[in-house]
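The values are calculated or read from the model by the stated rules, or taken from the named source; none is laboratory data. Fair warning: this is a prediction, and the values are worked out from it, not measured in the lab. Cβ placement follows ideal geometry from the backbone for every residue including glycine, while neighbour counts extend to all protein chains displayed.
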Amino acid sequence: MKELKHKIISVVVAIVLILVIIAIAFGGKIYESIKSGEEINMRWFLALLYPDKYSYSVETADLNEYYQIFSPEDIAIVLQNERIEDRGKLLDGVVYFSFDTVERLFTDRFYVNEEEGVLLYTTSTEVITVQIGEEFTGYEAGGTVTSTDYPIARYYSDGTLLVAADYVQKYADFSYEFYADPNRMQVYTVWEEERQAQVLDDTQVRYQGGIKSDVLREVAAGETVVVLEIMETWTKVKTYDGFIGYIENDYLSDYVMVTPEAVTGAYRPEEDYSMGVSGNQIIVAFHQIFSEDDGSGLNSLLETTSGIDVVVPTWFYLDSEEGTFTSLANYSYVENAHARGLQVWGLLEDMTNDFDEYALFASSENRRALIDNLINTAVEYGLDGLNIDCEEVGRETGPHYVQFLRELSIETRAHGLILSVDNYVLNEGNLYYDLGEQGLITDYVIVMGYDEHWAGSEAGSVASIDFVERGISSAIEAGVPAAKLINGVPFYTRIWRTEGVETNSEAVGMDTTQEWLANRGITPTWDDVCCQYYASYQDGTAFFEVWVEDAQSLETKLSVMDNYGVAGVAAWKLGLESSDVWAIIEAYMN
């Protein structure tokens with residue numbers, strides 16, 4: 001009996017000791033919780049009894065690892081509510097983005113020429129020039145130099161081109177806040193409604209949702225966090241300074257929906273450049289010229305036409321990388337066209353003569369020479385506009401060609417000239433022509449809705465209806481306003497001849513196509529897929545095929561163009577059409 005009594009006393013003493021320890025360890029916390037009205041949580045007692053299982057980790061996460069910071073200059077980027085792979089750089093107290101990051105996140109309107117060591121930005125009236133290098137500060141525009149106390153563009157030690165964030169903000173609406181220890185920045189490019197909550201009591205943001213997860217940051221009572229995802233007992237949040245992690249639900253309250261104030265004030269190119277010459281649809285006709293024409297040849301071609309607004313003679317043939325071209329321009333031709341009420345846009349092409357196209361467009365001096373030559377010639381002959389038809393531009397040359405168009409557009413605008421540019425139907429191989437930028441800076445973008453199949457390709461339609469619609473829709477999706485988009489249509493057909501493994505073709509006009517069919521007694525059938533007549537013909541070992549371009553196939557194209565509300569039609573070329581097409585074109589364009 002005595003032994004049992006001692007055992008009971010021992011147990012009681014042990015319990016009392018446990019309670020004393022609990023009181024010492026949690027008394028303050030319990031008192032504060034009771035005082036604040038918080039429910040006493042059993043986890044406190046469990047943490048004491050089973051510390052390995054229920055106690056909270058106090059380990060701090062490796063923040064350099066968390067933010068993927070690998071050097072003292074690295075800056076982690078939190079874009080909206082997510083850390084991205086891109087990193088900024090902190091050099092001499094200035095925040096920089098890589099040029100790739102600038103193009104991907106903010107704006108793709110900067111032009112870099114590393115050979116000349118310049119970073120350019122072009123508006124409708126001027127080119128702003130930044131010299132690249134840590135020894136250069138400031139920028140130049142219109143002969144005026146504006147100083148900055150930091151290099152705007154410089155190279156990092158690994159050769160990466162960096163651009164100062166503050167300078168980028170002149171040309172793109174975004175906000176950023178830089179925080180140190182570790183280096184990170186919160187960046188916003190859009191300002192959408194978000195859910196926010198207030199922290200009830202001092203606690204921690206943890207790497208993952210669990211008490212054993214490492215601590216990212218201490219948060220204080222009253223601090224506001226962005227709520228990203230609410231789970232059963234934990235909530236994924238983002239702090240104002242770019243920590244993304246988890247807080248227990250019990251520590252959050254006062255959930256509200258808030259729309260942050262947007263950052264505006266950057267240069268807005270869409271407000272600077274005009275969005276179309278007029279609200280009227282126009283009819284453009286290309287006139288291919290092989291020798292100087294005083295207008296008599298044009299007059300002959302126009303006898304059976306009607307409704308044409310613009311004639312585009314193929315006058316200017318690039319012949320050197322110094323910006324020179326062979327010209328077939330003629331004063332009388334322009335006077336004749338004007339007397340008929342037609343505008344004249346002189347066409348510049350790059351396909352006839354051999355020259356180094358990259359050397360032309362990648363040189364600011366050569367671009368300037370070409371622009372001066374074009375403007376001087378246009379003014380001398382009284383042209384109404386210029387049409388640029390450079391179809392040989394390679395991928396490497398693409399950015400330089402687009403910069404040429406930007407710089408040319410400044411001068412055409414200043415001299416009251418219309419600027420139009422001819423382009424292939426978009427595909428993965430020619431995106432570098434940058435139709436979106438062309439749609440901003442030029443007056444008209446002409447999509448050549450033909451040559452779906454060309455001399456040297458397999459046999460097929462010159463312009464099936466799906467190809468035509470894809471050309472229009474892809475240009476609009478790329479950013480060309482319908483009010484600036486002109487669709488090119490063919491007045492020609494290809495007669496295909498296949499013998500053995502060899503296929504070749506001959507391009508002929510509409511009337512010639514009908515004669516070819518009639519002479520062989522062939523009656524074509526309507527192809528609902530291509531929306532044009534199709535015919536085939538076997539002559540010995542040779543197999544002939546024709547996808548006919550005529551008034552009916554043209555009307556289906558015009559119907560699609562009408563659905564998209566494009567700015568006009570451009571026909572290649574005068575002299576190949578049948579006389580019945582003009583009434584159809586006029587009906588749709590007017």
*Within the stretch 443-499, work out how many residues are among the small types (Gly, Ala, Ser) and farther than 27 Å from Leu417 by Cβ.*
10
*Out of all the residues in the stretch 554-590, which are of a type in the set (Ser, Thr, Tyr), surrounded by 15 or more Cβ atoms within 10 Å (Cβ to Cβ) and more than 33 Å from the chain's Cα centre (by Cα)?*
Ser578
*Selection count where residues are touching a helix residue (DSSP H, G or I) at 6+ places or on another chain (Cβ under 9 Å) and either of a type in the set (Val, Ile, Thr) or at pLDDT below 95 (or both), scope the stretch 487-505*: 3
*Please go through the stretch 95-112 and pick out each residue that is outside any helix (DSSP H, G or I) and among the aromatic types (Phe, Trp, Tyr).*
Tyr96, Phe97, Phe110, Tyr111
*Members of the stretch 85-134 that are more than 19 Å from Val402 (Cα to Cα) and surrounded by fewer than 15 Cβ atoms within 10 Å (Cβ to Cβ)*: Glu85, Asp92, Gly93, Gly133, Glu134
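Each row is one residue, and each column tells you yes or no for (1) of a type outside the set (Asp, Glu); (2) in contact (Cβ under 8 Å) with a residue 40 or more places away in the chain; (3) in a helix (DSSP H, G or I); (4) assigned by TED's automatic domain parsing to the domain that holds Asp354.
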| position | (1), (2), (3), (4) |
| --- | --- |
| Leu374 | yes, yes, yes, yes |
| Ala378 | yes, no, yes, yes |
| Leu383 | yes, yes, no, yes |
| Ile388 | yes, yes, no, yes |
| Val393 | yes, yes, no, yes |
| Tyr401 | yes, yes, yes, yes |
| Phe404 | yes, yes, yes, yes |
| Ser409 | yes, yes, yes, yes |
| Ser420 | yes, yes, no, yes |
*Condition met for Ala483 (in the same structural domain as Leu435 (by TED's automatic domain parsing), at pLDDT 95 or above and more than 29 Å from Thr442 (Cβ to Cβ))*: no
*asked:* Consider the stretch 258-273. How many of its residues are farther than 30 Å from Asp202 by Cα and in a loop (DSSP other than H, G, I, E, B)?
replied: 8
*Any residue in the stretch 548-564 that's within 11 Å of Val581 (Cα to Cα): show its pairings with residues that are polar (S, T, N, Q) and modelled with pLDDT of 95 or more at Cβ separation under 6 Å, as long as the two are six or more apart or on different chains.*
Glu549/Thr493; Ser553/Gln532
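Evaluate the following for Asp294: is it at positive phi, exposed (fewer than 15 other Cβ atoms within 10 Å of the Cβ), without any contact (Cβ under 8 Å) to a residue 60 or more places away in the chain and charged (D, E, K, R)?
In short, no.
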*Considering the stretch 457-480 alone, what residues qualify as being part of a loop (DSSP other than H, G, I, E, B) and in contact with a helix residue (DSSP H, G or I) (Cβ under 6 Å, 6 or more places away or on another chain)?*
Ala478, Gly479, Val480
*Can you pull out the residues in the stretch 228-242 that are among the aromatic types (Phe, Trp, Tyr) and within 36 Å of the chain's Cα centre (by Cα)?*
Tyr240
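Matching residues to (1) over 15 Å from Ile283 (Cα atoms); (2) surrounded by fewer than 18 Cβ atoms within 10 Å (Cβ to Cβ); (3) among the polar types (S, T, N, Q):
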position	(1), (2), (3)
Thr442	yes, no, yes
Tyr450	yes, no, no
Glu458	yes, yes, no
Phe467	yes, no, no
Gly471	yes, no, no
Glu477	yes, yes, no
_Condition first: crowded, with 17+ Cβ neighbours inside 10 Å and over 29 Å from Val312 (Cα atoms). Can you find one or more residues in the stretch 480-492 that meet it?_
no
*Could you check the stretch 492-569 for strands (runs of 3 or more DSSP E) lying wholly inside it with 2 or more residues that are of a type in the set (A, V, I, L, M) and more than 30 Å from Asp443 (Cβ to Cβ)?*
542-547
